[in-house]
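**Q** Sharing a structure with you now.
The values are calculated or read from the model by the stated rules, or taken from the named source; none is laboratory data. Since we're looking at a predicted model, the values are computed, not measured. Don't worry about glycine lacking a Cβ; one is built from the backbone with ideal geometry, like all the others, and counts go over all protein chains shown.
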Amino acid sequence: MFRATLKSLLARKVRLILSGLAVVLGVMFVSGAFVLTDTLGRSFDAVFADAYAEVDVNVAGKPKIAVNEAEGEQVAPAFPASVVDRVRAVPGVASATGVIAADGARLIGSNGKAITSFGPPQLGENWTGESELLELRQGRAPRADDEIVVNVALAEAAKVKVGDRVGALTAFESKRRDFTLVGVFGYSGDRDSMGGANEIMFTTPAAQRLMLDKPDTFNSVVVRAADGVRPEALRDQVAGALGPEYEVKTGEQLSADSSAGLKEGLAFFNKILLGFAAVALLVGTFLILNTFSIIVAQRTRELALMRAIGASGRQIIGSVVLEALAVGLVAAVLGLGAGVGVGALLAFLFGRFAGGLPLAGVGVPPVAVVSAFAVGMVITVVAALLPALRAARIPPIAAMQDVAAPDRPLTKITVSGAVVTAAGGGLLALGLTGNAGGNALSVILGGVLLSFVGMALLTPLISRPVVSLLGALFAWSVPGRLGRLNSGRNPRRTAITAAALMVGIALVTGVTVILGSAKSSIAAQAEDTVDAQLVVSGAQTGPRLPTFDPAVVDRAAALPGVNAAVGAYNDLAYVDGDLTYVNAVTDLAAMAKIYHTTPQSGTVAPLRPDQVALSVSGAEKLRKSVGDRLTVQFARGEGQQAYTVTAILPDDRTIGSILLPKEAAVAFTNPQPFSALVQLTPGTPVSQVQPQLEALVADSPEVSVVDRASYIEQQTSGFDTLLTMIQILLALAIVIAVLGIVNTLALSVLERTRELGLLRAIGLRRAQTMRMITVEAVVISVFGALLGVAVGTGLGAAVVEALKDEGITDLVLPWNQMGLFLGLAALVGVVAAALPAIRAARINVLGAIAHD
């Protein structure tokens, strides 16, 4: 039996390899995700190990707000310079150096634009001298407060050189300040940056003023141990001398903690890649199931003969499963190899995108190998299991019959599909309505998976009438009528092939509906609620929001033709012990005028330094009403601040859910406003005021002045970028579906060899044969696209309905994209039919008629 199975496998190797390509692509994503995260993880480990190689012990102030990489920026508080002297006096300390290193220093390039970073920080630091790690490549160290040095990578990106007068924006000054570039530095090992970070180094007094906003302060102390003193022992001694207000760590601890923070972000990216791998494997499961179903149907007589000569049902199942294992094994090996290549390529692109991150050698972690073989072989065997069971039920008497297997009734599969679809819909409803507790995402994903499987099971019921209707478009010719009949002759086969295409198109359509609805809702809400004709803001191109000088808001309010102007600040803070976003506004009364806000309770007036206004949802979450008090701990605050609630505002008529006075922004991570809304007096043209506002922010190259429509487009452009990324990744599922159509048609042509020979014998020409196969492919492909559009629209509409309370109120159906999907599906059908159609046209007529 084993030898017979091997011969059968070798006889069908081409069609089995074609079905195995789906598994190859899915495994490629799985293994590639693990290779990518492993490579980047080890790269970050190496970068931070180098960065802290000369640090035995590091002292930093304990952060007031603990945030991870995904939530925001961790701010190390400044402490007095006297702390450096206290550390220096600890026994065992050889040297203690006060260091300033804070994110937020942006160099302005020769083109007048600020150099941005999408990942690595933009550090402003104090020059502490050369070391074994840091080396001055050109020029000299800064001596005056208007002199700076930058790393090589930043100098090249900005296209500046030693001696140039350059501009910079700093953490506490979003207004351009000019400096003389007196030096360029790099790192040992001929590195131009440390992990892609952009670094500007000032004199110590300048760094204290520009990056910490406090003279005679530092935010860390680098300690070198005396000979013979272990870093761990010195850490404990320093910690004991300073007390619990400070975090004292060894260089190794600091390196490990810094790397772990970035790996959290990588873990999230890893989950995204694995999610797309799951989609690819789901589509691949349909393809493998169809392939083995067709092969089993073609081998009915062969398997019946085996049963007749003594093979048991268990041996038949084993034979089919063995073929599946072989396909899965080959696919896993190829997928693992492709995954290593893809992971290495993505790591390289990430390194370039992140500003030149030096990559560790590409490694293949054990989890990548184990997951590749587990996923590849398990998916293939599971997909082949139903055809294997069907093969075991073939009676020996079938060997004596030369008739096609009759169509089985669709009752069982239809009932199963209805039950599974209902279960999927129930899970979706549970997750989208917020009744799944902390497992909402898992419940929603489970609901989507069950919905797809359920719809795939229901597809045979609707395939015959829909396919017949679609085929009528081509029934004007004999090849068209034959193609229409062929596409509807086996509803199960047609349904599985179309279901593979349905999954990819349904996901793309659903995401398009959700993002399009969100974008439209945000734009409509802004149009309806914000009566501001001009907005001062910048597009976020890195971790920090672009900001500008707070004085701009007051000057804007004083311009002729301006009725009201309000500036907004944003940060993370602990409010009554819970980490949440807070906003500060320059003038609550001006905000109320621009938003046409009428408070539900309390009064709208300029907030005093100890007052706060809440939105209705914010008040409900905090369980506060007018007159109640709450406490806020800011990122740069010395202690908790108490505020009294003075107003409760409608959710859609306010900048944020917690509105603080502008005095609170001094303790924010970034103490400058990120936007300003400007309302003009009736009849004042935008063209009159806009140039004057632009002149006010001329020294803030990250910020621009735009009208309301442009601002809305600027803020919602991220949805378009996200949609494009998702469409690119989901294109893989559609590619697999195309392979499925090719495979189904190729196997169908082989199955109908004798039939095709007879058609050719009675006058069907080669071109007509090719048109017949093409019509069959186009009908199946368009049927799958129709299913995908319908299912995706339904899922997207359900999500939008569930998110009504979150402000997504407009349901936008992407009619243009839907039409494009159907048109592309027809094109996909033509492309998929090419090889099978050519093969069918080349069939030898006499040999085909004699084919058994």
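**Q** Which one of these is outside the structural domain of residue 512 (by TED's automatic domain parsing) and either within 21 Å of residue 817 (Cβ to Cβ) or not acidic (Asp, Glu) (or both): 703, 749?
**A** That would be 703, the only listed residue that is outside the structural domain of residue 512 (by TED's automatic domain parsing) and either within 21 Å of residue 817 (Cβ to Cβ) or not acidic (Asp, Glu) (or both).
**Q** Here's a follow-up. When only residues in segment 476-519 that are outside any helix (DSSP H, G or I) and of a type outside the set (S, T, N, Q) count, which is modelled with the lowest pLDDT?
**A** Checking each candidate, the answer is 489.
**Q** How about segment 705-730: which of its residues are surrounded by 17 or more Cβ atoms within 10 Å (Cβ to Cβ), closer than 10 Å to residue 526 by Cβ and not hydroxyl-bearing (Ser, Thr, Tyr)?
**A** 708, 712, 715 - these are the residues of segment 705-730 that are surrounded by 17 or more Cβ atoms within 10 Å (Cβ to Cβ), closer than 10 Å to residue 526 by Cβ and not hydroxyl-bearing (Ser, Thr, Tyr).
**Q** Just the residues that are among the aliphatic types (A, V, I, L, M) and touching a residue at least 60 places away in the same chain (Cβ under 8 Å), please, taken from segment 757-776.
**A** Scanning segment 757-776 gives 758, 759, 761, 764, 767, 770, 772, 773, 775.
**Q** Among the residues of segment 272-290, is there at least one that is in a helix (DSSP H, G or I) and at pLDDT 80 or above?
**A** Within segment 272-290, not a single residue is in a helix (DSSP H, G or I) and at pLDDT 80 or above.
**Q** Next question. Return yes or no: is residue 522 out of contact with any Cys (no Cβ under 7 Å at 6 or more places or on another chain), assigned by TED's automatic domain parsing to the domain that holds residue 832, closer than 30 Å to residue 698 by Cβ and at pLDDT 75 or above?
**A** Spelling it out, residue 522 is indeed out of contact with any Cys (no Cβ under 7 Å at 6 or more places or on another chain), assigned by TED's automatic domain parsing to the domain that holds residue 832, closer than 30 Å to residue 698 by Cβ and at pLDDT 75 or above.
**Q** Within segment 682-696, can one find any residue that is over 16 Å from residue 568 (Cα atoms), crowded, with 19+ Cβ neighbours inside 10 Å and either within 32 Å of the chain's Cα centre (by Cα) or without any contact (Cβ under 8 Å) to a residue 60 or more places away in the chain (or both)?
**A** no
**Q** What are the residue pairs meeting all of these: first residue in segment 449-468, first residue assigned to a helix (DSSP H, G or I), second residue surrounded by 17 or more Cβ atoms within 10 Å (Cβ to Cβ) and of a type in the set (Phe, Trp, Tyr), Cβ atoms under 7 Å, and 6 or more apart or on different chains?
**A** Matching pairs, first to second residue: 456/286; 463/783; 466/783; 467/783.
**Q** OK, next. Hey, could you check segment 1-42 for residues that are farther than 20 Å from residue 376 by Cα and modelled with pLDDT of 80 or more and say which is farthest from the chain's Cα centre (by Cα)?
**A** 42
**Q** Surrounded by 22 or more Cβ atoms within 10 Å (Cβ to Cβ) and polar (S, T, N, Q): is that true of residue 122 in this structure?
**A** yes
**Q** Something else about it: Test residue 170 against the criterion of being under 26 Å from residue 77 (Cα atoms) and within 39 Å of the chain's Cα centre (by Cα), and give yes or no.
**A** So residue 170 fits the description; yes.
**Q** Follow-up question, since we're still on this one. Within segment 724-732, identify whether any single residue is within 30 Å of residue 535 (Cβ to Cβ), part of a loop (DSSP other than H, G, I, E, B) and out of contact with any Asp or Glu (no Cβ under 8 Å at 6 or more places or on another chain), and answer yes or no.
**A** No, there is no match, as no residue in segment 724-732 is within 30 Å of residue 535 (Cβ to Cβ), part of a loop (DSSP other than H, G, I, E, B) and out of contact with any Asp or Glu (no Cβ under 8 Å at 6 or more places or on another chain).
**Q** Of the residues that make up segment 686-694, is at least one closer than 23 Å to residue 524 by Cα, of a type in the set (Val, Ile, Thr), in a helix (DSSP H, G or I) and touching an Asp or Glu at 6+ places or on another chain (Cβ under 9 Å)?
**A** yes
**Q** Can you tell me which residue in segment 525-551 is modelled with the lowest pLDDT, limited to those that are among the polar types (S, T, N, Q) and over 21 Å from residue 679 (Cα atoms)?
**A** 541
**Q** Just to be sure, is residue 197 in contact with a Leu (Cβ under 6 Å, 6 or more places away or on another chain) and not assigned by TED's automatic domain parsing to the domain that holds residue 667?
**A** Taking the combined requirement at face value, the residue satisfies it.
**Q** Name the residue, out of 852, 805, that is assigned to a helix (DSSP H, G or I), at pLDDT below 80 and either assigned by TED's automatic domain parsing to the domain that holds residue 517 or of a type in the set (A, V, I, L, M, F, W, C) (or both).
**A** Within the list 852, 805, the selection yields 805.
**Q** Further question: Test each condition in (1) in contact with a Lys or Arg (Cβ under 9 Å, 6 or more places away or on another chain); (2) in a strand (DSSP E or B) for residue 137 and report the one that comes out false.
**A** (1)
**Q** Now for a separate question. Looking only at segment 515-565, filter to residues that are in contact with a Gly (Cβ under 9 Å, 6 or more places away or on another chain) and among the hydroxyl-bearing types (Ser, Thr, Tyr); which one of those is nearest to residue 666 (Cα to Cα)?
**A** Among those residues, the one meeting the criterion is 547.
**Q** For residue 175, are the conditions met, namely being assigned to a loop (DSSP other than H, G, I, E, B) and of a type in the set (Lys, Arg)?
**A** Here the answer is no, as residue 175 does not meet what is asked.
**Q** Turning to a different aspect of this structure: Can you tell me which residues in segment 608-617 are in contact with a Phe, Trp or Tyr (Cβ under 9 Å, 6 or more places away or on another chain) and surrounded by 18 or more Cβ atoms within 10 Å (Cβ to Cβ)?
**A** Answer for segment 608-617, where residues must be in contact with a Phe, Trp or Tyr (Cβ under 9 Å, 6 or more places away or on another chain) and surrounded by 18 or more Cβ atoms within 10 Å (Cβ to Cβ): 611, 612.
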